[in-house]
């Protein structure tokens, strides 16, 4: 290598290093600095004086706060077992049978993904609350408490588990089943020796995803826990109710511990499962009348229950006065009469649009820079670490950390508190990891020779990126755009501490309406978000088909 080539190579590496500094700074401000301030606040009192581990001693000395931790773990474990069990049955029916209405089942069971976690809680209140349609036939049934949180958690997490386990089961090599059949193995033997043994790591991954979602969710616990203390709501009570920021920070760190453990176990299980996956084309399952009828019934029952909970909320938004006057009315959609107007809905659309547009550009840029720009491995590893960190941080904790980091007179972001820009920044960081990992997978499959050929022809790398990499990644870009849009539309926990008087979101208003007893108005706003998210999903599917 001559001196000119060596100089060009070093210059190229230096340029890559300088460019990677930008995502380092962005991610450090977005996740590193808030977590640092959270840690500092947990070892300080409310006046900012250093107290060491005294807050943690006070926490574990408080039986009520320790009870909230144990309650959260208990509920999360129960939801994990129930949700993953039901999800495995549904996934098995979708993949390993010819059950009736397979495409409809696969679509309908994903509906909870398009609503805030509070939405199913409203349906449970309509059905099982004090004046519910079903509760009048139940003896000594109490919705508010662990039972309600468990039911809400199952509905909220079931679609996530079904998606994970469906992908897992589809990755099993169908030739294994053909070989087992030719050797005379029964259906039960095939299920044990092939299906279970090859999906065990996928099941473990689904278990910890469900555990984390339940452990960290704020909306379900806020609406249905009642007097049953939960860790996610205790953070809210300490900060908003008692203004005890130090204890709020301490509880936040306690909440991070189980979610971090779940995150690392999930990462390990996903890597193990990836080694078992097979990329061959899946072969059609031969029909079996008894199996298909049984699985049709078993798989559609939880789907009908889920649809009942979602559907009754939409119905509740269109009746005059629950449960006495069931005449049809549009008055519940007159949000001006409830003191909120339509502005929260428009605010949610504005925020979703900002997050989707800028989030796609930022996450794609960070992913591309970390993979295709030459730089020291320690720098790319640091970027990847910061990019994956939000995946293990609950939204409520991240929102609280933003208060500690930026709600200070000397903070340059202090003037942005409560603005759309501030909410968008927090939400992009909150949803960053999934987008980053998805783009990593897409860019990793693209040939690196595109850049090499471009450099050999003296084409700037940014031009290769715009003319080659972006068009080849357009489907993933569209997927992430709509993923960010829908998730921003339904988010609660990440922004519950951060919104301002002019940026109140629809998902927060649903929570406030339920608190004030306006169940019909909360149902109307929730139904509006549901129909909007479904419309966006249909638009997504249409655009994808046009672009293929």
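Every number here is computed from the coordinates shown, using simple stated rules; none is lab data. For clarity, every value in this text was computed on a predicted model and none was experimentally measured. Neighbour counts run over all protein chains shown; Cβ positions are idealised from the backbone, glycine included.
Can you tell me the length gained on complete extension of the stretch residue 285 to residue 466, counting 0.36 nm per residue apart and subtracting the Cα distance? Before the final figure, lay out each step's value.
On the way: separation 181, 0.36 × 181 = 65.16 nm, distance 4.27 nm.
Separation in residues times 0.36 nm, less the Cα-Cα distance, equals 60.9 nm.
Mind listing the Cα extents of region 52-320 along all three principal axes, in Å, largest one first?
So the three principal-axis extents are 67, 53, 30 Å.
Just want the ordering: 58, 325, from fewest to most Cβ atoms lying within 10 Å of their own Cβ.
Working: 58 14, 325 9.
Arranged by neighbour count, lowest to highest, 58, 325 become 325, 58.
At q = 0.16, 0.26 Å⁻¹, what is the base-10 log of I(q)/I(0) for region 454-548 according to the Debye formula with one equal point scatterer per Cα and no solvent? Please give it to two decimals.
-0.79, -1.25
If packing is taken as the average count of other Cβ atoms within 10 Å, what order do 86-92, 243-249, 530-536 fall into, highest mean first?
Numbers: 86-92: 23.4, 243-249: 21.0, 530-536: 17.1.
The most tightly packed comes first, giving 86-92, 243-249, 530-536.
Would you mind putting 456-465, 510-519 in packing order, based on average other-beta-carbon counts within 10 Å, highest first?
Details: 456-465: 12.4, 510-519: 18.5.
Final packing ranking: 510-519, 456-465.
Rank the residues 360, 397 as a footprinting-exposure proxy: fewest other Cβ atoms within 10 Å of their Cβ go first. Provide the component values of the computation, followed by the final result.
Numbers: 360 23, 397 27.
So the residues, fewest neighbours to most, are 360, 397.
Quick one: which of 183-189, 70-76 comes out on top by average Cβ neighbours within 10 Å, and what's the full order, highest first?
Working: 183-189: 10.9, 70-76: 19.6.
Result, highest mean Cβ count within 10 Å first: 70-76, 183-189.
Just report the Cα centroid separation between region 492-546 and region 286-324, whole Å.
Answer, in whole Å: 23.
Quantify how much of the Cα-Cα distance distribution of the chain extends past 30 Å, in percent. Each step should come with its number before you reach the end.
Numbers: 82809 of 149878 pairs.
Cα-Cα pairs of the chain separated by over 30 Å account for 55 percent.
How many angstrom lie between the Cα centre of region 348-385 and the Cα centre of region 404-483?
3 Å
If neighbour count is taken as other Cβ atoms inside 10 Å, put 435, 44 in order from fewest to most. Mind dumping the intermediate values first?
Numbers: 435 25, 44 19.
So the residues, fewest neighbours to most, are 44, 435.
By the gyration tensor of its Cα atoms, with a ≥ b ≥ c the square roots of the eigenvalues, what is the shape of region 159-295: rounded for a/c under 1.5, prolate for a/b over b/c, or oblate? Don't skip to the end; give the middle numbers.
Values: a/c = 4.22, a/b = 2.56, b/c = 1.65.
Prolate, because a/c is 1.5 or more and a/b exceeds b/c.
Please give the Cα centre distance for region 113-158 versus region 233-267, rounded to the nearest Å.
25 Å
Determine the relative contact order of the chain: mean sequence separation of Cα pairs under 8 Å and six or more apart, normalised by residue count, in whole percent. Present the calculation step by step, with values, prior to reporting the outcome.
Details: 732 pairs, mean separation 124.7, N = 548.
Averaging sequence separation for qualifying contacts and normalising by length gives 23 percent for the chain.
Distance in nm between label sites at residue 192 and residue 446, each 7 Å beyond Cα in the beta-carbon direction?
Rounded to a tenth, the inter-label distance reads 4.9 nm.
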